[in-house]
Amino acid sequence: MNNNTIEILEYNKIKEIICEYAISEPAKEIIRKLEPSANIREIENWMRETTESRAIVNRSSSVPIHSLTNIEKIMSKLGKGAVLNPEEFTAIYELLKEGVRLKRFMEDKVVVAPVVSSYAQSIYELKELEEEIERCIYRNNVIDKASTELSRIRKKIAIAEDRVKTKLENVLKNSNYRKFLQDNLISMRNGRYVIPIKSEYKKEIQGNVLDSSGSGSTVFLEPAEVKKVQDELNLLRIQEENEVYRILSTLTVMVEGYERELSINIETMVHYDFIMAKAKYSKAIDGRSVKINENKYINIKGGKHPLIGRSAVPLNFTIGNDYRSLVITGPNTGGKTVALKTVGLLTMMVQSGLHVPVEEGSEFATFYDILVDIGDGQSIEQSLSTFSSHIRNIISIIECADPHTLVILDEVGAGTDPGEGMGIAVAVLQDIYDKGATILATTHYSEIKYYAENQEGFKNGCMEFDINTLKPLYKLKIGKAGESNAFLIALRLGMRKEIIEKAHKVTYKEQKNYSSYVNSKDIIDLEFKNKVDELKEIHENKIKETRDLASKKAILEKSRKESRFKIGDCVYISTMNCKGIVCELENSKGEVGVMVMKKKLKINHKRLSLYIDKKELYPEDYDFDIIFESKENRKKKHVMERKHVEGMKIELKKEEE
């Protein structure tokens with residue numbers, strides 16, 4: 001399969017999901033390299049493995065499979081003069097034990113999985129090697145009973161260590177040395193026991209200084225009286241190290257003697273991990289085995305796209321009997337592209353020996369290649385337009401198409417002038433058909449529907465649409481071309497019948513009466529009408545608010561024009577028996593702003609009478625801010641008239657009623 005098909009149909013996503021069910025990295029690597037086969041015998045064998053493994057998983061999901069961590073690295077060291085370490089021997093031991101467990105596990109699975117269970121018979125039970133590792137290694141360490149010599153050396157080491165510690169403890173307990181000690185403890189430096197001495201007293205005790213603290217205040221000294229015993233101890237440790245190396249070397253040689261058997265065990269374990277991962281994935285998607293043929297016949301019953309899951313609408317699809325070219329029509333978002341991808345991806349999965357989410361009785365054909373043109377496919381790097389990209393891809397499909405090919409084309413001929421696009425689509429479909437390929441295509445062109453209806457080997461199909469709810473059903477119906485629902489949808493949503501009938505005449509060059517399609521009780525029309533009425537009401541309210549606001553402004557402006565008092569007039573306030581200066585014109589309520597005793601008041605115009613006109617009090621261009629504004633606010637106003645000052649504001653005193 002070509003990389004374009006693998007990418008578009010998202011085959012790699014399926015493999016990554018299966019990888020999650022594998023335990024070992026080698027098995028995951030096999031899954032990542034998995035590719036569809038065109039050999040029907042090979043596919044049937046793979047499918048049988050998956051089916052039998054699924055039967056085992058159905059009975060017990062806990063299959064004893066080793067993770068094989070670092071096993072590949074360990075095996076690569078064999079025969080190259082390297083000596084394995086205790087951790088590596090532990091890994092080999094666990095591999096041998098897990099192999100025996102797997103072999104025992106498969107013994108009672110012969111009935112449900114005769115082929116898969118037989119693989120376990122190839123696992124070698126290397127009892128001698130297993131027992132020898134167990135005798136010599138425990139918890140990633142070489143134990144004393146690995147050899148008589150090692151046991152003897154370690155006993156001497158224990159005695160020597162006790163002697164050293166006893167001598168050092170005597171030094172620590174000696175009252176003569178107490179003031180020299182930095183701390184009353186024994187530590188180790190460079191493999192030798194030492195005691196901490198204050199640096200200024202390091203010459204007071206005979207011995208060798210082996211280390212010092214970071215600050216230099218403490219030195220770690222080996223007293224002279226323990227040097228001889230410690231030298232003996234270090235010699236014993238060298239002997240121990242040599243003996244451990246000898247034991248590990250002997251064990252390594254023994255493992256190398258079983259290299260072939262271990263490789264077979266590992267290979268068997270990896271294969272079990274691989275097929276069990278396929279089985280677990282089958283269970284996760286509710287997959288099943290299908291019949292396979294070489295007759296280019298596909299019959300999918302209740303198929304679901306595995307990446308969509310159980311919520312996907314089941315697909316029923318057939319091709320390859322009396323037709324091998326299916327043209328699907330239907331509205332956008334109706335599920336045409338998903339149907340194409342489902343057929344293509346399920347075919348690839350089947351040819352990879354995988355179970356697919358279909359109903360019993362489904363059958364798939366094998367193809368040497370699947371050629372796909374789905375989606376935009378535009379290449380920014382090559383500066384190709386959408387149409388150019390499609391055409392280049394289709395040219396390569398035409399060149400590669402043959403009787404062993406499944407061709408999937410989405411919206412063939414789209415992206416250019418409708419008339420020319422339709423012509424290209426028909427010519428491309430016929431040319432690919434003449435080459436013997438099996439074709440699955442989608443289109444919006446009504447002319448292609450008529451072509452497929454009258455052309456031998458072609459069949460129409462459509463994605464069903466519920467005209468009552470105006471929703472796609474995502475179901476494929478073979479044998480019938482999809483109808484254009486645009487006129488009916490527009491009519492259902494409230495467009496006048498006369499407009500629809502005129503549109504039909506322009507499109508199809510014929511008269512059609514749509515009276516029978518009108519339904520005054522249509523729930524969708526009512527919902528839409530309610531929505532329109534709601535928007536209309538909001539619109540009218542906005543207009544009313546705007547008009548009311550304009551009316552109020554006009555009244556206020558008129559009131560100001562008709563006001564008897566002007567800013568600067570001196571007025572007599574009858575209710576207060578005092579005089580004031582008008583600082584604000586009359587508002588819509590008939591109130592006039594008057595400054596009295598440095599306070600701004602709102603007083604009804606009926607309580608005021610003109611005492612002295614402003615012309616007699618002030619010059620014509622007098623700045624009334626001098627009277628009505630504070631000195632600070634006048635300065636701010638002067639500055640703000642010249643430039644913007646961040647944070648500067650003028651505080652206005654609240655007027656009193």
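The values are calculated or read from the model by the stated rules, or taken from the named source; none is laboratory data. Just so you know, these numbers come straight off a predicted model, no measurement behind them. Note: ideal-geometry Cβ built from the backbone for every residue, glycine included; neighbour counts use all protein chains shown.
Listing for the model above:
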quantity: Qualifying helices (runs of 4 or more DSSP H) (wholly inside the range 577-644; at least 3 residues being modelled with pLDDT of 80 or more and more than 60 Å from the chain's Cα centre (by Cα)); calculated: 614-617
quantity: Subset of the range 76-92 that is of a type outside the set (Gly, Ala, Ser) and without any contact (Cβ under 8 Å) to a residue 40 or more places away in the chain - its residue that is surrounded by the fewest Cβ atoms within 10 Å (Cβ to Cβ); calculated: Lys80
quantity: Any chance Arg135 is within 41 Å of the chain's Cα centre (by Cα) and either surrounded by 15 or more Cβ atoms within 10 Å (Cβ to Cβ) or free of Cβ contacts under 8 Å to residues at least 60 places away in the same chain (or both); calculated: no
quantity: Members of the range 335-391 that are at pLDDT below 90, within 25 Å of the chain's Cα centre (by Cα) and not in a helix (DSSP H, G or I); calculated: Gly335, Ile374, Gly375, Asp376, Gly377, Gln378, Ser379, Ile380
quantity: Residue in the range 114-135 that is in contact with a strand residue (DSSP E or B) (Cβ under 6 Å, 6 or more places away or on another chain) and not assigned by TED's automatic domain parsing to the domain that holds Tyr272 present; calculated: no
quantity: Which numbered condition Thr50 fails, given (1) surrounded by fewer than 14 Cβ atoms within 10 Å (Cβ to Cβ); (2) closer than 30 Å to Asn12 by Cβ; calculated: (1)
quantity: Unique residue being in the same structural domain as Ile238 (by TED's automatic domain parsing), within 12 Å of Leu168 (Cβ to Cβ), in a strand (DSSP E or B) and in contact with a strand residue (DSSP E or B) (Cβ under 9 Å, 6 or more places away or on another chain) when the list is Val194, Val219; calculated: Val194
quantity: Members of the range 11-53 found to be within 21 Å of the chain's Cα centre (by Cα) and outside any loop (DSSP other than H, G, I, E, B), listed by number; calculated: Tyr11, Asn12, Lys13, Ile14, Lys15, Glu16, Ile17, Ile18, Cys19, Lys28, Ile31, Arg32
quantity: Total residues in the range 30-44, condition in contact with a Cys (Cβ under 9 Å, 6 or more places away or on another chain) and surrounded by fewer than 18 Cβ atoms within 10 Å (Cβ to Cβ); calculated: 1
quantity: Residue that is farthest from Lys167 (Cα to Cα), among those in the range 180-207 that are within 59 Å of the chain's Cα centre (by Cα) and polar (S, T, N, Q); calculated: Asn190
quantity: From the options Asp162, Asp108, Asp211, residue that is touching a helix residue (DSSP H, G or I) at 6+ places or on another chain (Cβ under 9 Å) and free of Cβ contacts under 8 Å to residues at least 24 places away in the same chain; calculated: Asp108
quantity: Members of the range 592-601 that are touching a Lys or Arg at 6+ places or on another chain (Cβ under 9 Å) and either surrounded by fewer than 17 Cβ atoms within 10 Å (Cβ to Cβ) or of a type in the set (S, T, N, Q) (or both); calculated: Lys599
quantity: Number of the exception - Asp286 against (1) part of a helix (DSSP H, G or I); (2) out of contact with any helix residue (DSSP H, G or I) (no Cβ under 6 Å at 6 or more places or on another chain); calculated: (1)
quantity: Within the range 178-198, tally of residues that are closer than 25 Å to Leu233 by Cα and surrounded by fewer than 18 Cβ atoms within 10 Å (Cβ to Cβ); calculated: 9
quantity: Every pair of residues 6+ apart whose Cβ atoms lie under 6 Å, when the first sits in the range 230-252 and is touching a residue at least 40 places away in the same chain (Cβ under 8 Å) while the second is outside any helix (DSSP H, G or I); calculated: Gln230/Arg192; Val244/Val142; Ile247/Val142; Ile247/Ser147; Leu248/Val83; Ser249/Val83; Thr252/Val83; Thr252/Leu84
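For every residue, the table says whether it meets (1) part of a helix (DSSP H, G or I); (2) modelled with pLDDT under 75; (3) surrounded by 16 or more Cβ atoms within 10 Å (Cβ to Cβ).
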site	(1), (2), (3)
Val407	no, no, yes
Gly413	no, yes, yes
Ala425	yes, no, yes
His444	no, no, yes
Leu473	no, yes, no
